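Participant: Pasting in a structure now, in structure tokens, and then I'll have a few things to ask.
The values are calculated or read from the model by the stated rules, or taken from the named source; none is laboratory data. Computed from a predicted model, the values in this text were never measured in an experiment. Using ideal geometry, Cβ is built from the backbone for each residue, glycine included, and neighbour counts are taken over all protein chains shown.
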Amino acid sequence: MDRTLTVGIGAVTEYLGVDQVVDLGPLHPAAHGAYRLRLRVDADSVVQEAVPLVGHLHRGAEKLFEVRDYRQVMALANRHDWWAAFANEVLIARAVEQMTGMTPPPRAVRLRVLLCELTRAMAHLAFLTPLTKAADGTRSVGTTVAVGAREALQRVLEEASGGRIHFMANRIGGLREDVPADWSAHVEDALATVQRALPLIAACTVNDTAFVERHSGVGVLSLADATALGVSGPAGRASGLDVDLRRDDPAPGYAELELRTVVRTAGDALARVACQIDEVDLAVDLALQCLQGIPGGAVNVRLPSTIAPPEGSVYSWGEAALGIAGVHLVSRGERTPWRLRLRTASFNNVQALSCLLPGTALDQLPTALGSFAVVVGDIDK
């Protein structure tokens, strides 16, 4: 007879004393946010099957977009992936600009790229910070500098937009307003803080013997599985999937930058952490390149009293912090979108847990999940 044993907030159901089904609830400390994992484990507590169950944090963003005009849509655009808020805004703005034939001024284009890369570095640092702690959960020097680096970036983003998380800095046709006069100097100081922090972050993660032993060979995602599931961003590149839209289909402003690729091939937890560290370094490099040649002039164009793209559809995509994000905009010539469909990185990426978790011991789950960054609002969009 089946027996059910409640452990904390999870439940273990034992089938004939052999297989167990472990349900990690949406608030379980080993789960990465408000989604569930249904795991089938064998008698040795090794995962045999993993099913991610999403829907606990449904945002309804796509339906909210359809009952708001395009100016109001921009105010909601950054809330599904709050760590890549600026990149979300840019995608929707570019989709509308493409449909209306609107061209943002050169200064706005350059500042958009700079703000996207600052947001990217901040997002990766947010996911890396918990990984810098010691095995017993105590803070390390790497934790302290990671928090300091993230806060330095957050300060300059807040200074530019007035918002700490939901920036709402973009508008159709450019940016809502220009950055402060001395902002570039503050950005240079923040980037220098990040550069000083990266070696210390690496020292307690990918360059630490104990960390390497815990993460090597854990949660391996093969190149074939990453490709089949549409995994992108650092999670895909850690498995050898050499795709980066900043290089392969550059958005306005990226073609002028010198971009190197960050690719690993092992596909395990260690490779994913290493890719995120390398992505921070790359984002800092791109941001510094942007600072060298910011044009003068306006940061937006004069908008008509009503924004109503002509009837038709357009697809706009770009490289967000966690991978490829896209916007499919369908217009019927009205002030509100008829359809605004989101392609979010986390929604595709979280499906990969069904491929990378089998073969993982239960006590290795925090290691595997901690290396696999997702934003739950981006899943339950």
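Participant: Of the residues Arg272, Arg343, which single one is in contact with a strand residue (DSSP E or B) (Cβ under 9 Å, 6 or more places away or on another chain) and charged (D, E, K, R)?
Facilitator: Of Arg272, Arg343, the one residue that is in contact with a strand residue (DSSP E or B) (Cβ under 9 Å, 6 or more places away or on another chain) and charged (D, E, K, R) is Arg343.
Participant: Something else now. Take the residues of the stretch 173-186 that are more than 23 Å from the chain's Cα centre (by Cα) and among the hydrophobic types (A, V, I, L, M, F, W, C): which is nearest to Val73 (Cα to Cα)?
Facilitator: Val179
Participant: May I pose another question? What is the residue count in the stretch 357-381 for residues that are in a helix (DSSP H, G or I) and of a type in the set (Val, Ile, Thr)?
Facilitator: The total comes to 3.
Participant: Determine if the stretch 76-84 includes at least one residue that is crowded, with 16+ Cβ neighbours inside 10 Å, touching a residue at least 12 places away in the same chain (Cβ under 8 Å) and more than 21 Å from the chain's Cα centre (by Cα).
Facilitator: No, because not a single residue in the stretch 76-84 is crowded, with 16+ Cβ neighbours inside 10 Å, touching a residue at least 12 places away in the same chain (Cβ under 8 Å) and more than 21 Å from the chain's Cα centre (by Cα).
Participant: Here's something else I'd like to know. Looking only at helices (runs of 4 or more DSSP H) that fall completely inside the stretch 181-259, which ones have 2 or more residues that are within 19 Å of Leu128 (Cβ to Cβ)?
Facilitator: 183-203, 209-215, 233-237
Participant: Of the residues Glu62, Glu89, which is over 13 Å from Met168 (Cα atoms), in contact (Cβ under 8 Å) with a residue 24 or more places away in the chain and among the charged types (D, E, K, R)?
Facilitator: Glu62
Participant: Check Leu111, Leu157, Leu175, Leu200 and return the single one that is hydrophobic (A, V, I, L, M, F, W, C), in contact with a strand residue (DSSP E or B) (Cβ under 7 Å, 6 or more places away or on another chain), assigned by TED's automatic domain parsing to the domain that holds Ile294 and farther than 27 Å from Arg341 by Cβ.
Facilitator: After ruling out the rest, the residue left standing is Leu111.
Participant: So Tyr35 ticks every box in (1) under 17 Å from the mean Cα position of the chain (by Cα); (2) free of Cβ contacts under 8 Å to residues at least 60 places away in the same chain; (3) not assigned by TED's automatic domain parsing to the domain that holds Arg155 but one. Which box is left unticked?
Facilitator: That leaves (2) as the condition not met.
Participant: While we're looking at this one, here's another question. Out of Ala210, Ala251, which single residue is out of contact with any Phe, Trp or Tyr (no Cβ under 8 Å at 6 or more places or on another chain) and either buried (at least 20 other Cβ atoms within 10 Å of the Cβ) or basic (Lys, Arg) (or both)?
Facilitator: Ala251
Participant: While we're on this one: Filter the stretch 134-180 for residues that are assigned to a loop (DSSP other than H, G, I, E, B) and aliphatic (A, V, I, L, M); which is surrounded by the most Cβ atoms within 10 Å (Cβ to Cβ)?
Facilitator: Ala169
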